[in-house]
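First up is the structure itself, then whatever we jot down about it.
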Amino acid sequence: MLHKNTILTLKFNLLYVDYSQTFIYRNGAEMSKKKSKHNHKNYKIATLCVHGSGGYDPATGSVGKPIYQTSTFAFENAKAGADIFLGEREGYVYTRISNPTQAAFESEMAFLEKGEAALAFSSGMAAISGVIFALCKSGDNFVSSDTLYGGSHELFAETLPRWQIQAREVNAVNPENISKAIDKKTRLIYIETPANPTMSVIDIEACADIARKNKIPLVVDNTFSTPYFQQPLTLGASVVLHSATKYIGGHGDTIAGVVVSSKEFIDNLRMGILRDLGGVISPLNAWLLVRGLKTLAVRMEKHQENAFQVAKYLQFHPKIAKVMYPGLTTHPQYLIARKQMRGFGGMISFEVKGGRKAGEKLMDSVKLITLAVSLGDVDSLIEHPASMTHSTYAKHELEAVGITENLVRLSVGIEDPADLIDDLSQALNKIK
Ligand SMILES: *Cc1c(COP(=O)(O)O)cnc(C)c1O
């Protein structure tokens, strides 16, 4: 198991597993010797978020997942250690490679995303760069949607070219643009939907069709929706990843990332990328994410309920030019959102009349809502993408992807929606 396969020789058709209900519980079953009495097949996703894949700590039966705060693991004897290194025996070696608390989080994520296996990283960016490095070598390219988290765009446009890996960013709202950009050296398709920060929605099934025809994997950044509202693997994607910093953790106290895919891809990602590049998650942070998942369902429902109310309020406000929320029938990809999402999430962006100055006035005037980047926390957060999270885009690029100077991004928290609307109302009144 500890021998590194070179991931570039993976046959990508193996990634197109039929992620049917039948084997999604495997990870959980393997994790625990104590059998859960749950009949998972009959439970709805809110129940599954709380109870997870159903295992208890194999060593003690502990119901809460223990934090294995250790860097290394003792071998039974020299032969056992050698056998583990040879891959002839399962076992923990060193926390940069794997750790039971990490494994608990990974098995829950694989379970909720309906993938075979998952791998946690120290951040969303470590997960994203890990997946790209796993699939591409120098001279290769990949095709990506053009409205992305600012850090992803920076990685794609500025950093990866130093290793001769080219990202071709296209407007993927029309998937034909993806097809046109693919050539013999294209190794993957990468999309983010709903996109940060414009909330544009990309048709996952259409992109998966293109990926399948070209025998390359489709990678989806599912940070905004979480598996509670959208499960890209069931729509034909091969790899799903998250900034778990956001809704998965949910409390603004952890930086983390996670990748979910086939067992083969994840094994190779662990031994070919995580072990060598070292972007490992700490056991404590993995534990915070396990805890976060327990309340994912109630949090996401509340984020959505509040976002709907705030979006409807803003939509008819005289000082607002435009509101982007996939749950509004006025959203240009509303029908695609309806088709592929169980719910529309808690992220809203909107354009304030009066340009950048008016937007700044609003952000400086809110009292309850915090002016800060990041998103998906229980507290509401507001920010200005063009000068903050998306300042990695050049001015002409910002215009091209619809990140205007007067665009404000709001991560709607789980406060009472009346208080959020009151706060926005008093702040909007301060704009002349
Ligand atoms: C925040 C974010 C990232 C980066 O994740 P980090 O945990 O900050 O490294 C990637 N994608 C999306 C959509 C994000 O919002």
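The values are calculated or read from the model by the stated rules, or taken from the named source; none is laboratory data. Fair warning: this is a prediction, and the values are worked out from it, not measured in the lab. When we count neighbours, we look across all protein chains shown, and the Cβ atoms used for this are built from the backbone with ideal geometry, even at glycine.
So the values come out like this:
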read-out	value
Residues located in the stretch 179-203, provided they are within 15 Å of the ligand (Cβ to nearest atom) and among the hydrophobic types (A, V, I, L, M, F, W, C)	Ile191, Ala195, Met199, Val201, Ile202
So Asp183, is it under 23 Å from Thr147 (Cα atoms), part of a loop (DSSP other than H, G, I, E, B) and among the charged types (D, E, K, R)	yes
Scope the stretch 176-190; condition crowded, with 22+ Cβ neighbours inside 10 Å and farther than 12 Å from Asn214 by Cβ; matching residues	Tyr190
Close pairs (6 angstrom Cβ cut-off, 6 or more residues apart or separate chains): outside the structural domain of Ser225 (by TED's automatic domain parsing) and hydroxyl-bearing (Ser, Thr, Tyr) in the stretch 235-261, near the ligand (Cβ under 10 Å from one of its atoms) and part of a strand (DSSP E or B) anywhere	none
Yes/no for Thr147 being part of a loop (DSSP other than H, G, I, E, B), among the polar types (S, T, N, Q), buried (at least 22 other Cβ atoms within 10 Å of the Cβ) and assigned by TED's automatic domain parsing to the domain that holds Ile273	yes
Residue match in the stretch 324-344 (condition: charged (D, E, K, R) and part of a helix (DSSP H, G or I))	yes
Set Ile132, Ile67: member being within 16 Å of the ligand (Cβ to nearest atom) and among the β-branched types (Val, Ile, Thr)	Ile132
Check on Ala208, buried (at least 24 other Cβ atoms within 10 Å of the Cβ) and either under 17 Å from the mean Cα position of the chain (by Cα) or more than 16 Å from the ligand (Cβ to nearest atom) (or both)	no
Candidate set: the stretch 354-385, residues that are part of a strand (DSSP E or B) and not hydrophobic (A, V, I, L, M, F, W, C); chosen: the one farthest from Lys322 (Cα to Cα)	Thr370
Leading residue by the ranking (farthest from Thr159 (Cα to Cα)) among those in the stretch 362-387 that are touching a strand residue (DSSP E or B) at 6+ places or on another chain (Cβ under 8 Å), among the small types (Gly, Ala, Ser) and away from the ligand (no atom under 14 Å from the Cβ)	Ser380
The stretch 388-400 residues that are away from the ligand (no atom under 16 Å from the Cβ), paired with ones that are outside any helix (DSSP H, G or I) (beta carbon under 6 Å, 6 or more apart)	Leu398/Ala386
Cβ-Cβ under 9 Å pairs, at least 6 apart or on other chains, the stretch 213-232 side assigned by TED's automatic domain parsing to the domain that holds Asp377, far side among the basic types (Lys, Arg) and away from the ligand (no atom under 11 Å from the Cβ)	none
Residues of the stretch 219-272 classified as of a type in the set (Phe, Trp, Tyr), away from the ligand (no atom under 12 Å from the Cβ) and in contact with a Lys or Arg (Cβ under 8 Å, 6 or more places away or on another chain), total	2
First in the stretch 412-432 and at negative phi, second anywhere and exposed (fewer than 12 other Cβ atoms within 10 Å of the Cβ), Cβ under 9 Å, 6 or more apart	Asp423/Lys367; Gln426/Lys367; Ala427/Asp364; Ala427/Lys367; Leu428/Pro318; Lys430/Asp364
Filter result for the condition that a residue is in contact with a His (Cβ under 8 Å, 6 or more places away or on another chain), aromatic (Phe, Trp, Tyr) and closer than 26 Å to Ile336 by Cα, over Tyr228, Tyr247	Tyr247
Where Gly115 falls short, out of the listed (1) more than 16 Å from the ligand (Cβ to nearest atom); (2) of a type outside the set (Val, Ile, Thr); (3) under 28 Å from Pro194 (Cβ atoms); (4) in a helix (DSSP H, G or I)	(4)
Meets criteria (in the same structural domain as Tyr68 (by TED's automatic domain parsing), touching a residue at least 40 places away in the same chain (Cβ under 8 Å), surrounded by fewer than 21 Cβ atoms within 10 Å (Cβ to Cβ) and at positive phi) for Gly272	no
Every residue from the stretch 149-166 that is closer than 19 Å to Glu399 by Cα and without any contact (Cβ under 8 Å) to a residue 60 or more places away in the chain	Phe156
Which numbered condition Ser122 misses (of (1) within 16 Å of the ligand (Cβ to nearest atom); (2) within 19 Å of Thr254 (Cβ to Cβ); (3) crowded, with 20+ Cβ neighbours inside 10 Å)	(3)
Extreme residue, farthest from the chain's Cα centre (by Cα), among residues of the stretch 61-79 that are β-branched (Val, Ile, Thr) and surrounded by 10 or more Cβ atoms within 10 Å (Cβ to Cβ)	Thr72
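Residues checked against (1) at pLDDT 95 or above; (2) surrounded by 22 or more Cβ atoms within 10 Å (Cβ to Cβ):
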site: Tyr313; (1), (2): yes, no
site: Lys319; (1), (2): yes, no
site: Tyr325; (1), (2): yes, yes
site: Ser349; (1), (2): yes, yes
site: Glu397; (1), (2): no, no
site: Glu405; (1), (2): no, no
